[in-house]
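Everything below concerns the one structure shown next.
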Amino acid sequence: MTSEPPSGTRAFPPHPLRGVQASYVRQTSCPSDYAHVVADFEPWEEGVAFEAADTASVRGWPADELASFHEGFIQGVHEELAGLADREPKILVAVAVVLQRIRVHEADSHPGAFRAAGRVAVRNALVQAYGPPPRPKRRRG
């Protein structure tokens, strides 16, 4: 369910990106952060659609806590894609994000860690779609 982007722009994602992994792990102090996600980025209508697959659950975790992790993840996705629109105005965001799997830590997982993992997931998907960003050129002098 995709539409063609306007002339001179390219759509994100240009094709299905499956199994995009992202981790946000900061274990240097208390409190620490831990989130690991696997998501699919599918071409869709303009904007961002989100779905959490049945496999994006953890046995023994309360549903409301898992929902807050999912909410943190999609918030991070939205934030990173909004930044993309500012940096790259010729990219049209038209994506359905399907959260396939998550891993949690009993003490260090929280919605903020999943928000950060959502941002990392978008960055990883962009690299899969378009390759790594250009490296800055060194000055000679």
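About the Cα centre of the chain, what is the dipole size in debye to 20, counting +1 per Lys and Arg Cβ and -1 per Asp and Glu Cβ, all else neutral? Could you put the intermediate results ahead of the total?
Details: 16 positive and 17 negative charges, 249 e Å.
Using Cβ point charges on Lys, Arg, Asp and Glu, the chain gives about 1200 debye.
Taking other Cβ atoms within 10 Å as a rough exposure proxy, THR28, THR9 sort from fewest to most as THR28, THR9. Footprinting exposure proxy ranking of TRP61, TRP44, fewest other C-beta atoms within 10 angstrom first, gives TRP61, TRP44. Checking (i) 7.8; (ii) 10.9; (iii) 9.3 against mean projected area of the Cα convex hull in nm² calculated from these atoms, the matching label is (ii). Principal-axis analysis of the Cα atoms of the chain puts helix 111-130 at an angle of about 30° to the longest axis.
Positive-end ranking of HIS78, ALA52, SER68 along the dipole of the chain, with charges on Cβ about the Cα centre, is headed by HIS78. Could you tell me which trypsin sites (Lys or Arg not before Pro) in the stretch 63-116 are loop residues by DSSP with no more than 14 other beta carbons within 10 angstrom of their beta carbon? Passing both the DSSP loop test and the Cβ count: LYS90.
Note: relative contact order over the chain, using C-alpha pairs below 8 Å and six or more positions apart, is 36 percent. Residues PHE12, PHE69 in ascending order of nearby Cβ atoms (within 10 Å, fewest first): PHE12, PHE69.
Just so you know, all these numbers are worked out from the coordinates, no wet-lab data involved. Since we're looking at a predicted model, the values are computed, not measured. A quick note on method: Cβ atoms are made from the backbone with ideal geometry, for glycine too, and the neighbour counts reach across all protein chains shown.
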